[in-house]
Amino acid sequence: MLERSYFDWNATAPLRDEARQALQDACEVAGNPSSVHAEGRAARRLIERARDDVAALVGARPADVFFTSSGTEANMLALTPAIETAAEKRPRDKLLMSAIEHSSVRAGGRFVRTAIEDIPVSADGRVDLKALTDAVARASRPLVSLMLANNETGVLQPVAEAAAIVHAGGGLLHVDAVQAVGRVPCDIGALGADLLTLSAHKLGGPKGVGALVRLSEDIHFADPLIRGGGQERGMRAGTENVAGIAAFGAAAAAAHRQLTAEAAGMLALRTRLEAGLRAISPHAVIFGAAAERLPNTTLFAVEGMKAETAVIAFDLEGIAVSSGAACSSGKVQPSHVLAAMRVSPVLTRGGVRVSLGWTTTEADVECFLGAWRKLSSALSKDQRGIAA
Ligand code: PLP
């Protein structure tokens with residue numbers, strides 16, 4: 001069988017060994033964490049240890065971490081008009097978000113459509129802070145949602161500057177850090193975020209576990225998404241996914257310990273990959289290349305290439321990449337991120353995302369470049385054929 005190289009870490013990362021072990025161990029713990037007997041207390045200990053590890057990864061207090069079923073659910077929980085602070089109990093009537101947010105933020109949580117306003121981004125994929133300043137001034141005490149790193153381009157957003165603008169206007173800032181956490185340092189206080197969304201499966205934990213982290217106990221949700229048994233201090237009812245949460249904690253601890261070394265390793269390989277890509281295809285466009293980006297992400301296109309065709313061709317060569325464009329009901333939509341960056345329509349359907357992780361090797365990068373050499377020469381032959 002063909003050896004495969006996995007370059008789709010922004011879609012999901014493989015389970016870390018530490019997470020696998022924690023998952024298996026937790027499956028042997030029979031108790032319900034809400035039960036007071038020894039079995040219940042053992043399950044509770046697993047959750048609280050995970051809460052400590054997730055909190056430490058983002059510089060929060062364990063009591064401010066709320067486990068959810070996913071990053072999507074954490075975003076949904078965060079985006080509500082009924083978010084209160086100790087000083088402010090009135091509902092927030094406006095949600096501002098950048099035009100490049102993940103679909104789980106773009107859906108707007110529990111705000112009505114008419115209460116949502118988009119903030120444009122620059123050509124290099126960073127939120128326009130002048131436009132944000134104006135929008136915050138027009139709105140009264142808005143909730144603002146801004147991602148720390150974009151999932152398609154990897155471009156890092158100026159979150160700390162945005163936080164200063166939002167807070168000066170009486171607003172609150174929610175930061176979707178799903179793609180950034182574990183890849184770049186991410187401290188809730190240093191970012192100036194009031195709320196932070198995390199997802200276990202992007203940092204080596206299992207799929208189907210996430211967390212919403214708040215800056216302090218000053219922030220309160222008057223309308224939790226799921227009500228019932230009062231778990232997660234009333235913010236998210238339902239018996240906890242003990243094994244998933246324990247594995248999330250183990251992955252967070254490993255990601256925290258290894259962040260500097262892993263980030264340096266990914267950056268060195270990504271640099272090699274982009275140099276090779278440019279040498280083979282001098283006209284390839286690497287989106288957001290001039291901006292600060294995650295160390296693991298490259299989104300590129302060449303004129304005339306369709307992303308879905310390239311993804312299939314790479315797959316046949318044993319390489320897993322993804323297209324920047326979204327595919328729903330069998331129809332490939334141009335990427336809303338590239339459209340927001342005002343990329344020419346001939347390129348918006350061609351974005352191929354290559355994302356690396358901690359097990360990516362030089363050999364993987366060479367396989368990718370070998371496959372790209374083959375694909376790009378086939379592509380130029382096709383184009384010559386069409387021109388003739
Ligand atoms: N936010 C961003 C930026 C993402 O990239 C993703 C997943 O791709 C999510 C949120 C959703 O996370 P989950 O898959 O845990 O629902």
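The values are calculated or read from the model by the stated rules, or taken from the named source; none is laboratory data. This is a predicted model, so every value here is computed, not measured. Cβ coordinates were reconstructed from backbone atoms using ideal geometry, including for glycine residues, and neighbour counts include every protein chain displayed. Note: areas computed on protein heavy atoms with side chains; ligands, DNA, RNA excluded. Shrake-Rupley method; radii C 1.70, N 1.55, O 1.52, S 1.80 Å.
Kindly provide the set of residues from the stretch 1-35 that are more than 29 Å from the chain's Cα centre (by Cα) and either within 16 Å of the ligand (Cβ to nearest atom) or without any contact (Cβ under 8 Å) to a residue 40 or more places away in the chain (or both), ordered by number.
Passing the criteria: Met1, Glu28, Ala30, Gly31, Ser35.
Which condition from (1) touching a Ser or Thr at 6+ places or on another chain (Cβ under 9 Å); (2) within 16 Å of the ligand (Cβ to nearest atom) is the one that Val65 breaks?
(1)
So which residues in the stretch 291-305 are open to solvent by less than 20 Å² (accessible area, probe 1.4 Å), farther than 21 Å from Ala13 by Cα and touching a strand residue (DSSP E or B) at 6+ places or on another chain (Cβ under 7 Å)?
Residues satisfying the conditions are Ala291, Ala301.
Yes or no, residue by residue, for (1) among the acidic types (Asp, Glu); (2) assigned to a loop (DSSP other than H, G, I, E, B); (3) buried (at least 20 other Cβ atoms within 10 Å of the Cβ):
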{"site": "Leu225", "(1), (2), (3)": "no, yes, no"}
{"site": "Ala246", "(1), (2), (3)": "no, no, yes"}
{"site": "His256", "(1), (2), (3)": "no, no, no"}
{"site": "Gly265", "(1), (2), (3)": "no, no, no"}
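If you check Ala164, Ala180, Ala190, Ala160, which single one turns out to be closer than 20 Å to Gly59 by Cβ and touching a Cys at 6+ places or on another chain (Cβ under 6 Å)?
Result of the check over Ala164, Ala180, Ala190, Ala160: Ala180.
Among (1) more than 16 Å from the ligand (Cβ to nearest atom); (2) of a type outside the set (S, T, N, Q); (3) in contact (Cβ under 8 Å) with a residue 60 or more places away in the chain, which single condition is Arg126 missing?
Result: Arg126 passes all but (1).
Based on what the data block shows, is Leu316 open to solvent by 20 Å² or more (accessible area, probe 1.4 Å) and closer than 23 Å to Leu379 by Cα?
Answer is yes for this residue.
At negative phi, out of contact with any Phe, Trp or Tyr (no Cβ under 6 Å at 6 or more places or on another chain) and surrounded by fewer than 17 Cβ atoms within 10 Å (Cβ to Cβ): which single residue out of Asp187, Asp176 fits that description?
From the options Asp187, Asp176, the qualifying one is Asp187.
Go through Val354, Val337, Val321, Val343 for me and flag whichever is at pLDDT 90 or above, open to solvent by less than 20 Å² (accessible area, probe 1.4 Å) and farther than 24 Å from Ser5 by Cβ.
So the residue among Val354, Val337, Val321, Val343 that is at pLDDT 90 or above, open to solvent by less than 20 Å² (accessible area, probe 1.4 Å) and farther than 24 Å from Ser5 by Cβ is Val337.
Could you list all residues from the stretch 172-191 that are within 16 Å of the ligand (Cβ to nearest atom) and charged (D, E, K, R)?
Those that are within 16 Å of the ligand (Cβ to nearest atom) and charged (D, E, K, R): Asp176, Arg183.
Anything in the stretch 194-223 that is open to solvent by 10 Å² or more (accessible area, probe 1.4 Å) and within 13 Å of the ligand (Cβ to nearest atom)? List them, or say none.
His201, Lys202, Pro206, Lys207, Gly208
Scan the stretch 155-208 for residues that are in a strand (DSSP E or B) and over 18 Å from Ala19 (Cα atoms) and jot them down.
Correct list: Val155, Leu156, Leu172, Leu173, His174, Val175, Asp176, Val184, Leu195, Leu196, Thr197.
Each row is one residue, and each column tells you yes or no for (1) open to solvent by 20 Å² or more (accessible area, probe 1.4 Å); (2) under 30 Å from Leu172 (Cβ atoms); (3) of a type in the set (Ser, Thr, Tyr).
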residue: Trp9; (1), (2), (3): no, no, no
residue: Thr12; (1), (2), (3): yes, yes, yes
residue: Leu15; (1), (2), (3): yes, no, no
residue: Val29; (1), (2), (3): yes, no, no
residue: Arg45; (1), (2), (3): yes, no, no
residue: Gly71; (1), (2), (3): no, yes, no
residue: Ala74; (1), (2), (3): no, yes, no
residue: Ser103; (1), (2), (3): yes, yes, yes
residue: Ala107; (1), (2), (3): yes, yes, no
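Looking at (1) touching a Phe, Trp or Tyr at 6+ places or on another chain (Cβ under 9 Å); (2) at pLDDT 95 or above, which is the only condition Gly288 fails?
All conditions are met except number (1).
Got a sec? Which of Ala56, Ala38 is surrounded by fewer than 17 Cβ atoms within 10 Å (Cβ to Cβ), in contact (Cβ under 8 Å) with a residue 24 or more places away in the chain and not polar (S, T, N, Q)?
Just one listed residue meets the conditions, Ala56.
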